[in-house]
Amino acid sequence: MINKPLAGIAVILCFLTLWKTEAGTLYRLDRLAPIAGTACENYVRSLNDSATVVGRSGNDRFRPGALIWTQTNGSSLLPGITGGGYSTCAQINRRGEIAGSCNQGNTVRPFLRRTDGKTIDPGTLPGDTGGEALGINNSGCAAGYSSGPTGTRAVIWPANGGTRAVGNFPPSTVSRAVAINDEEEVAGFVGDGSGRRAFLWNPNKGASLLDCLQGDTTSEATAISNHRGIVGISSGPNGTHAVLWSSSKGVKNLGSLPGATFCRPAAINTRGEVVGISNGPLGGRAVLLTKVGWIDLNNSLLPDAHAVLTSAVGINDRGQIIALGYDVLCHCGTTGSDCHCGGTTGVPCACPEIVPSAHAGHDNPVQAYLLTRESEP
């Protein structure tokens, strides 16, 4: 069972304070249209300060492929990816370098796309056959995991090449690095049969497990920022709560939407702004941490948004947010199969059951959105 910090190693996060956005900020919503000529759904994961967005594109009729979206060119498949029927981008850095993974034969391999436009396989630990690159910092150092006959181990890929294991974890555990900052500090999780625990790794100090909230038994790190700490989740009998780990205050409960028992942060920027998902009466909702706590981003959109945001997945240092959701413009009129409102195609739907399960599949595919601050109080 993983239940206490690794001996002799201290948490060395340099943490200041979270920057909390004003609750009255309004956002303009721009839909990231699918790849031209397809009905693919865009599952976005990361954006940089140039508002270049990456993720994957696909659905049950189209092979999932690594996606890149720019304001100039819109959505397209990332060029230079070879392999089988699956590829995805996990993160993009300030220079436009991308970390991701793709099928190669019977395994999944990591890939890195460099500033020269070349896509490389950065390799795995000796004896391993697969892995994924899940994070990349602004110097081009990436983090993820390497897997093979001996298990799954957290690794980094330094910008100058090679593969390095992070954390001297017991052989019986599974570890993954999910994020890396510009100091090459790595956040991730390690698990065994009893559950998972978040960890922080520093190239000079090694690894340390991060505490759960009192009464909880498992935790996971989801993102790390420069000087602003690690965010993730702590779970137990009372639900799953968003948390922040810092050297000065240990683990802090960031709460959730009022009445919710689940909140998972997805990203934190260099100012300490945090976005994620929290459950509510109608299911998952995209949320932003503000001075008054978590807010439902659906309540911060300009009136012409006509969308429901179910998860916020990224935020850049300009405060732009990427989110997943679905369009609430009426599609019922095109099929007549599930229309409860007598609606007209292209106008806001009046169906009281306007939730994803009521308008699923062709009528309401998953949409990706870019949120930009339009006004602040």
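The values are calculated or read from the model by the stated rules, or taken from the named source; none is laboratory data. Note that the structure is a prediction, hence the values are computed from the model and not measured. For neighbour counting, all protein chains shown are included, and Cβ atoms are generated from backbone atoms with ideal geometry for every residue, glycine included.
Filtering segment 239-278 down to residues that are closer than 18 Å to Ser225 by Cβ and of a type in the set (Ser, Thr, Tyr), which residue is surrounded by the most Cβ atoms within 10 Å (Cβ to Cβ)?
Filtering segment 239-278 for residues that are closer than 18 Å to Ser225 by Cβ and of a type in the set (Ser, Thr, Tyr), the one surrounded by the most Cβ atoms within 10 Å (Cβ to Cβ) comes out as Ser246.
With respect to Leu244, determine if the residue is in contact with a Lys or Arg (Cβ under 6 Å, 6 or more places away or on another chain), closer than 22 Å to Asp317 by Cβ and in contact (Cβ under 8 Å) with a residue 12 or more places away in the chain.
Considered against the rule, which asks whether it is in contact with a Lys or Arg (Cβ under 6 Å, 6 or more places away or on another chain), closer than 22 Å to Asp317 by Cβ and in contact (Cβ under 8 Å) with a residue 12 or more places away in the chain, Leu244 comes out as yes.
Counting just the residues of segment 11-50 that are among the charged types (D, E, K, R) and in a loop (DSSP other than H, G, I, E, B), which one comes out modelled with the highest pLDDT?
That would be Asp49.
Somewhere in segment 81-88, is a residue among the aromatic types (Phe, Trp, Tyr) and assigned to a loop (DSSP other than H, G, I, E, B)?
yes
Give the residue that is surrounded by the fewest Cβ atoms within 10 Å (Cβ to Cβ), with candidates limited to residues of segment 279-291 that are small (Gly, Ala, Ser) and more than 16 Å from the chain's Cα centre (by Cα).
Pass one, segment 279-291, residues small (Gly, Ala, Ser): 280, 283-284, 286.
Now restrict to residues that are more than 16 Å from the chain's Cα centre (by Cα): 280, 283.
Working: Gly280: 17, Gly283: 12.
In this case the residue turns out to be Gly283.
Which pairs turn up if I take residues in segment 70-87 that are under 22 Å from Ile120 (Cα atoms) and look for partners that are modelled with pLDDT under 85 and of a type outside the set (Val, Ile, Thr) with beta carbon separation below 6 Å, at least 6 apart in sequence or on another chain?
Pairs that qualify, where the first residue is under 22 Å from Ile120 (Cα atoms) and the partner is modelled with pLDDT under 85 and of a type outside the set (Val, Ile, Thr), are Gly85/Arg63; Tyr86/Pro64.
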